[in-house]
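The values are calculated or read from the model by the stated rules, or taken from the named source; none is laboratory data. Values in this document were obtained by computation on a predicted structure and should not be read as measured data. Cβ placement follows ideal geometry from the backbone for every residue including glycine, while neighbour counts extend to all protein chains displayed.
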Amino acid sequence: MKAIVVTDQAAGTAGMKLVERPEPQAAINDVVVEVHASSITGDELSWPSTWTNRVDRDRTPSIPGHELAGVVTALGYGTTGLSVGQRVFGLTDWYRDGTLAEYVAVEARNLAPLPGDVDFTVGAALVMPGLTAWQGLFEHGRLRAGQSVLVHGAAGIVGSMASQLAREAGAYVIGTGRATSRQTALDFGAQDFVDLDNDVLEDVGGVDLVFDVLGGDIAKRSAGMIRPGGTLVTVTGPTEARPAGGLTIDFVVEPDRAQLSEIVRRFREGRLRTNIGNIVTLEGAVDAFNPTKRTKGKTIIRVVP
């Protein structure tokens with residue numbers, strides 16, 4: 001099969017290439033999926049799991065990519081809940097070969113059925129942003145109707161999903177970003193917008209929840225805006241930002257079949273939109289990891305035309 005592999009962490013994208021690899025086999029509780037569409041996260045090459053296994057041993061050459069939509073082609077021993085020929089989408093394990101390939105072996109529990117009226121491109125675009133926003137808002141942030149939430153990067157891939165989910169849950173959504181992102185953030189559900197270059201963030205006043213994708217000084221300042229009992233959730237890693245009388249939670253997104261099913265249901269009902277930018281072929285995946293200009297929206301790798 002064709003696959004993108006990385007071989008040398010120091011080389012970065014210069015060590016990334018399209019090669020022929022053996023098709024994966026389904027282990028116990030696995031399925032093999034023919035990948036129709038995948039997606040990438042721009043900083044994957046900085047993740048330790050791209051290069052080493054769970055005991056810190058080198059696992060290169062490895063295949064990056066963790067979001068996929070495709071069709072099940074084989075079942076491992078003991079696998080239940082899915083069937084050969086079924087359309088699926090989901091998130092693969094960080095420490096296993098990923099989805100920038102024609103086939104991938106995935107734990108069945110990490111996948112959810114993809115309805116026939118949802119394009120594979122859309123399925124791949126919903127996975128990471130949808131799960132990250134859902135878990136940050138509802139699992140970790142305990143967001144409830146009537147609360148206020150400050151969503152950083154509200155026009156971005158994850159922030160736009162968080163804004164939509166939070167507003168539909170009955171929260172008041174304040175988005176942040178650059179001035180040029182204002183209308184996009186409002187279109188995705190923010191009811192107010194803070195231009196981080198020109199407005200004073202603290203003028204927003206107190207909020208119940210901050211959904212952070214920026215970290216650093218912005219996270220620290222945001223922590224001071226959280227009402228007693230509120231929460232700062234961040235995907236940027238451990239932070240010193242601590243709200244007085246509240247919580248800070250940094251988390252890594254996890255696969256979840258039930259959450260994926262809820263997310264795709266909302267899409268089908270017109271209650272949720274994707275934020276797709278470029279769509280490229282598998283042959284174009286290397287360039288997608290190293291764009292010559294800033295791109296907006298999620299980059300999708302269309303493996304099967």
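Laid out as a table, the results:
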read-out: Pick from the range 16-44, criterion closer than 22 Å to Thr73 by Cα and under 16 Å from the mean Cα position of the chain (by Cα), ranking: modelled with the lowest pLDDT; value: Ser39
read-out: Unmet requirement for Gly245, which otherwise passes all of (1) under 30 Å from Glu67 (Cα atoms); (2) in the same structural domain as Ala162 (by TED's automatic domain parsing); value: (1)
read-out: Spans of strands (runs of 3 or more DSSP E) in the range 45-163 with at least 3 residues in contact (Cβ under 8 Å) with a residue 12 or more places away in the chain, within 15 Å of the chain's Cα centre (by Cα) and under 29 Å from Glu283 (Cα atoms); value: 67-75, 87-91
read-out: Subset of the range 241-282 (residues that are on the phi > 0 side of the Ramachandran plot and either modelled with pLDDT under 95 or in contact with a helix residue (DSSP H, G or I) (Cβ under 9 Å, 6 or more places away or on another chain) (or both)); value: Gly245
read-out: Filtered residue count, the range 225-276, keeping only those that are polar (S, T, N, Q), part of a strand (DSSP E or B) and in contact with a Lys or Arg (Cβ under 8 Å, 6 or more places away or on another chain); value: 2
read-out: Check on Val84, over 30 Å from Ala14 (Cβ atoms) and touching a Leu at 6+ places or on another chain (Cβ under 7 Å); value: yes
read-out: Options Val158, Val173; residue that is within 22 Å of Gly206 (Cα to Cα), among the aliphatic types (A, V, I, L, M) and either modelled with pLDDT of 95 or more or surrounded by fewer than 20 Cβ atoms within 10 Å (Cβ to Cβ) (or both); value: Val173
read-out: When residues of the range 24-59 are limited to those that are more than 28 Å from Val158 (Cβ to Cβ) and among the β-branched types (Val, Ile, Thr), the one surrounded by the most Cβ atoms within 10 Å (Cβ to Cβ); value: Val32
read-out: Long-range neighbours under 8 Å by Cβ, at least six apart or interchain, first residue assigned by TED's automatic domain parsing to the domain that holds Phe289 and without any contact (Cβ under 8 Å) to a residue 24 or more places away in the chain within the range 8-20, second part of a loop (DSSP other than H, G, I, E, B) and of a type in the set (A, V, I, L, M, F, W, C); value: Glu20/Met1
read-out: Residues (more than 23 Å from the chain's Cα centre (by Cα) and either among the hydroxyl-bearing types (Ser, Thr, Tyr) or modelled with pLDDT under 95 (or both)) located in the range 230-240; value: Glu240
read-out: So Glu107, is it touching a Phe, Trp or Tyr at 6+ places or on another chain (Cβ under 9 Å), acidic (Asp, Glu) and buried (at least 18 other Cβ atoms within 10 Å of the Cβ); value: no
read-out: Unmet requirement for Ile279, which otherwise passes all of (1) surrounded by fewer than 14 Cβ atoms within 10 Å (Cβ to Cβ); (2) under 22 Å from the mean Cα position of the chain (by Cα); value: (1)
read-out: Residue that is farthest from Ser261 (Cα to Cα), among those in the range 87-102 that are among the hydroxyl-bearing types (Ser, Thr, Tyr) and surrounded by 24 or more Cβ atoms within 10 Å (Cβ to Cβ); value: Thr99
